[in-house]
Structures are given as C-alpha cells and as structure tokens.
Amino acid sequence: MAQEKVLVIGAGPAGLSAARELTNLGVDVILVERESYLGGTPKKLKYSLLFPELRPASEVLDPLIKSVEENSNVKIYKESIVEGAKSEGNGFIVSIKDKNGKVTTEKVGAIIAASGFEHFDSRRKYEYGYGIIPNIYQISDVERMLSENKLVTTKGTPPKRVAILLCVGSRDATVGNTYCSRVCCAVSIKQAMEIKQRIPDAVVHIYYMDIRTYGLMEDKLYWKSQLEYRVGYIRGRISEFMRGPDDTVVIKGEDTMNLNRALVVPYDMVILANGMELGLGSKQVAKALGLEFEEHGFVKPLDPDRFPVLSTRKGVFLAGAITGPKTISDSITEGTAAAIKAYEYVTKGVWEEPVKVQVSSH
Amino acid sequence: MVNKALLSTLPDDPRYLDASYNVQGPLPEEDRNLLSNLKPEERELAKQFWEAVKSDFRFNEYLRGCLNCGVCTSGCPAAKFYDFGPREMIQYMMRNEVDKIWEFVNKKVWACVQCYTCSMRCPFNNEIAGLIMLLREYAVKFALPSAKEVLAPYRRVLLTVITMGNQVTPDMIQPDAFPDWGPQAVEESKNMDVYRKAIPVDLLQRTDIGWHSSLQTAVEIMTIFIESGVLDSIKKIDKDLYDMIMDIYEERKQTLEEIKEKWKKGELKEEDLPDSWLEL
C-alpha cells in the first residue's frame, strides 16, 4: 500500500486538530491555508482569553500549531486555496493555487474541509451605525484590543461605561440569519469580565434577549459575571445607536421587563456581539469541492445526527464551523472525528451511507 | 368565577394546590383571557371584534411570532411620547387577550404614525404596522367611538379625497391647521392665492383645489371608492359625510349621463362640452 495522503483545507482549530490526529495515525497530510500563518480566525483576529476557562487563546492554539508546523509528515501550503478536486478512483486529484497564481496538483486519498466561518459584518445592520459612529466595535474587534491591552475609546482613555449588544446578525430575519450563533453570549460575558478586571470601576451592561451560556458555562460565566464582577443584564434588543456629545454613543432600546419603557442611555463604548456566517472562503471551498448547502447557508453534512463529519460527496469530510456555529473545543473535537473517519476511508475504504430506517411510530 | 363543570377534574389538576385556586379556578389560560372588568355586552363586542380581525386573510401573514426583543418599541417614534408600544400589541395578539386588545384598540392604537420602522426592523419579520392598520380598519368598520373621535377632524380631508381626488387643498394650510409644518408654511399661507395665480397651468389659479379632475374622472374616482367598500366603512362611522358624498355622486353621475346622452344624439357641439365639472 502506497503512503496515503489526506488534504486538510484550513489551518484553524479544526484543521490543525485533524492534521495532528492523522499524522499520529501515520497518514501524510497536505495542509492548505489561505493566510500566511496557521491558527485560523482565532489567530487572525488575535483572540484574547477563551471562555469558559478564561485562559489565553495561545495556550490552546500554540501547541497545536507547533505540533503541525514541526511535523515533517505535514506539507503546508500557505497563502493558497484549493481550486478544484477531480475524483480518481476513491481519491482525488486536487489543484492548489498560490497567491501568485501558480497551480500545483496533488494526489490525495481523502479531503477534510475545515475552512471555518467568518464574523458577520455589522455594517449590514446599518441602523447600528458600525463604521460610521465612533466608539462602536464588534466583539471580533474587541478581542484584538483586549489581547493588545489597548481597550480605549477615541479619546484615548479606558471606557467607563460599556454596553454589549447580543444577537447582531444572528436570530434576525432582516439579514436572513435565523439561527443562533451559539458562542456570542459566552464571548460577550467573557469580554465583560475581562473589561471589569482591567477597569474595575467601569459600568458594563449586557443587552440580551436570552442568555445562552449552555451546559457547564452557566455558573462559570453568567453567574460569575454577576457574583464577582457585577455585570448588569438588561433584557431588550437595542434598535439603533446615535452619536452623542463628546463621542459618546446613545442607545435606543426597550427595557422589555417593563411594558413600553424606553431606554435612551449614553455609553462611552458599545460592543456588538456579531454572529457567525459561512463566509466567502468556505463558500469557495464548498464550490470547489462540489458540496451542498443547508438552509442556513452552511455546508450540509451527510446526516446531521448520524454522520455529522461526512459531507454529501464521497471522500470529503467536514470539521469545525463550516457546518454551523461552533466553539473552539467543539471544532477540535470534530477535527479529531473527521481525522478518524478519513483514516478509515483511506486505509479500509469505509464510507457509510445513511440507511432509511423504518420506525413504528411518527 | 369558578367553572362548576371543571370542578370534577380537580384531582388531576396541579393548580389545585395553588393558593389562588379559589379565586381563579382551574381555567385554561385562553378562558382566563376573557375574564375582565368589561360589561357582558361590551365583552361580547370585544370578542366579535377580535374574531373579525383574526379571520382577516392578512392576519396570519402579518403575525408570525415574537422574540420579545423590544426592537419595535425602541425604534417607535410614537412610543417616545405615548404609553404605546408595538410589542405590547403583538404580545396581546399572541396570547389572545381579548380585553387587552379591546383596551388597546379603543385608545392606544391611534398613537401609531404608520412609519413602518417596526416592520422593517422586526427580527421575526412581523408586519407590525400592518397589524396596527388592520386593527384600525376594523375599528372603523365596527364604528368604535374612538375611531369616530379620531376621524372627526379628517372629515374635510375625506370629502376632498373622495370627491376630487385631492388630499389637501392649498387653502387648508392655515397658521393653526398644521403647526407641525413649521413657521415657513405659515408664512407661505399668507400669500397662497398670489402664488397660485402665478401657476401657468390652466385652472390651477385657485386655492380651493389642489389639482383638477374632469367630470368623467371625478365620477370614476368616486365609483372606485364606492365599489372598493371605502364608503361602506364611512357609512357606519359618519352617516352625514356618507350622505353628502353619495348625493354629490348621484348628481355628478346624472349630469355625466345627460351630457353623454346629448352627445350621442348630436345635440352638443365639441366646444359646448364642459372643460371641468367645476364650471358647470
């Protein structure tokens, strides 16, 4: 048996995890990454601390990056994209294009698509004035500000009053995203706690509809933020922002715990918890590989319950946020799962198709 | 208020353990929504009203669901000044709260300015301003006192719209009539007839009409208003206005018929044809 190779697209948490597992299993990996560095969106946007453990992002990602980068069985194409994948037998002939337009072809036994998500661009919610009104940021901007320790307003001073608005670009039919992005509640609460750690006298209010710190995160984030940091929670979605005097941001909302009680409140800084979308990068990957999309615009798995890491095309596996909003730990888990499925496929040719099962009721 | 027929189901009803059981009884929420301080005949009318709104073909399209986010109320210009909010209305509708809807329709619903900001921003894509419009339509159809009161100052506007196809005529712009148009409009209104005389278009040199429609057009406009049921809704709420408009309609229609008749028989020359019904 010739040395088997697997193509991994995307070097984020899911792709890195898949590459590491595959090399551990003795399979060679070709890793294609659009950026000039590994680590994916967490590295690109310089994530600060990770929820719920409040540990630095590099503590989780750097060992993964190191194990892949230093592995001689991983061939890395940086600043490259996958242009197409032709089936040949059970495997594929893939063409990889670098930024100068040079195309290289590689023969692989299987493909793992782990090209992830992109943050929702809040400029699409024009009534929020992101990009127009100063001192309005997205959670994806604030991560960088926190990790570089430069959380300041346009006046150059740390904000004393901060509002965080959840569900920007998620759960919103006006922008076509009717799903929940799952992580923004947790990320926002984490950021609120980080802000309070650095600026203890700051007032931080979170505007929410529902707080979805599901599972074990409830007390580590939602409760802790109130017990230890006195973060305020106001139930209501803000409908618009106005530029106030002295570069403050004035919010317009409703305190929905009281009927018809309007809120017009100034803040020094407003953070929009923008959600997740598939993004152009993953759309290109899906097109190049001939994958199908599900109703929310993410890539459709073969069976969301029974085969979550198998795609609708034989030999192509999925991992991470390409199939829907995911946490970093979920993505790492899925990378591992996709790796074992790809290993079964390239070594034993295992590809299960969902069987229609007759059930007695329903 | 305890429903005797439901008492036999007590042991299975967990609400039996509730201290408020004696007051509220084991009533399902939908029935409880009908309990109110309304008088029996008023409650009956409120129920009829709500059933009529619900059975409108637009209702289920307009009302989809509610996340209780408050975006509608927070963007609402009317909510700033009145005890009114679109979310309040949606919640009453979602829960079938008949007496609350009744209360809302008899007062708050008229605060809306129909700017449609709520509809545009609703994350659940509810057609909220459309629902308010629906409530108002049925308030007019049911000739509710609040609708009468609100529409009273608009009698003159309705009359001009239906008889002439104009909404506002220049001479309506008076210092006290439209204070929200600002001082500029008041200033302009002083010399309105001079301005109008300067308009080169024939027949616009007057201030009692915005633009001119021929006899034929006027009759057609009125026929559309009658056939589409607009006058039927006015009939209940403002009988005088209805009678006045119908008289004008009959008169004009008759004149038009006579002219047509004469024209057909060749009794009229082309230059004898009326240029405008106003000249008749």
Q. Within the set of pairs 6 or more residues apart or between chains, which connect a residue that is farther than 15 Å from A:PHE120 by Cβ and in contact (Cβ under 8 Å) with a residue 12 or more places away in the chain inside region A:181-193 to a residue that is buried (at least 23 other Cβ atoms within 10 Å of the Cβ) and of a type in the set (Gly, Ala, Ser) with Cβ atoms less than 7 Å apart?
A. A:ILE189/A:SER225; A:ALA192/A:SER225; A:MET193/A:SER225
Q) Name the residues in region A:92-139 that are of a type outside the set (Gly, Ala, Ser) and within 19 Å of the chain's Cα centre (by Cα), would you? A) A:ILE112, A:PHE117, A:GLU118, A:HIS119, A:PHE120, A:ASP121, A:ARG123, A:ARG124, A:TYR137, A:GLN138, A:ILE139
Q) Regarding A:SER282, is this residue among the small types (Gly, Ala, Ser), in contact with a Pro (Cβ under 6 Å, 6 or more places away or on another chain) and in a helix (DSSP H, G or I)? A) no
Q. Within 30 Å of B:GLU103 (Cα to Cα), surrounded by 13 or more Cβ atoms within 10 Å (Cβ to Cβ), at pLDDT 80 or above and not assigned by TED's automatic domain parsing to the domain that holds B:CYS69 - does that describe any residue in region B:159-178?
A. yes
Q) Just to be sure, is A:LYS314 in a loop (DSSP other than H, G, I, E, B), assigned by TED's automatic domain parsing to the domain that holds A:GLY39 and in contact with a helix residue (DSSP H, G or I) (Cβ under 7 Å, 6 or more places away or on another chain)? A) no
Q. Within region B:93-147, restricting attention to residues that are at negative phi and of a type in the set (Phe, Trp, Tyr), which residue is farthest from the other protein chains (Cβ to nearest Cβ)?
A. B:PHE142
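Conditions (1) touching a Phe, Trp or Tyr at 6+ places or on another chain (Cβ under 8 Å); (2) surrounded by 24 or more Cβ atoms within 10 Å (Cβ to Cβ); (3) in the same structural domain as A:VAL142 (by TED's automatic domain parsing), marked per residue:
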position: A:VAL265; (1), (2), (3): no, no, yes
position: A:MET269; (1), (2), (3): yes, yes, yes
position: A:SER282; (1), (2), (3): yes, yes, no
position: A:VAL285; (1), (2), (3): no, yes, no
position: A:ALA288; (1), (2), (3): no, no, no
position: A:GLU295; (1), (2), (3): no, no, no
position: A:LYS300; (1), (2), (3): yes, no, no
(Q) Quick check on region B:121-139. Is at least one of its residues at pLDDT below 85 and in a loop (DSSP other than H, G, I, E, B)? (A) no
Q) Say we look at region B:80-92 and pick out the residues that are over 19 Å from the mean Cα position of the chain (by Cα) and either buried (at least 16 other Cβ atoms within 10 Å of the Cβ) or facing chain A (nearest Cβ under 7 Å) (or both); which of these is modelled with the lowest pLDDT? A) B:LYS80
**Q.** Out of A:ALA19, A:ALA11, A:ALA85, sole residue that is in the same structural domain as A:GLY315 (by TED's automatic domain parsing) and under 17 Å from the mean Cα position of the chain (by Cα)
**A.** A:ALA11
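Report, by residue number, each residue of region A:235-261 that is aliphatic (A, V, I, L, M), crowded, with 19+ Cβ neighbours inside 10 Å, part of a strand (DSSP E or B) and within 14 Å of chain B (Cβ to nearest Cβ).
Residue satisfying the conditions is A:ILE251 alone.
The values are calculated or read from the model by the stated rules, or taken from the named source; none is laboratory data. Since the structure is predicted, the reported quantities are computational estimates derived from the model, not experimental observations. Glycine also receives a Cβ, built like all others from the backbone with ideal geometry; neighbour counts cover every protein chain displayed.
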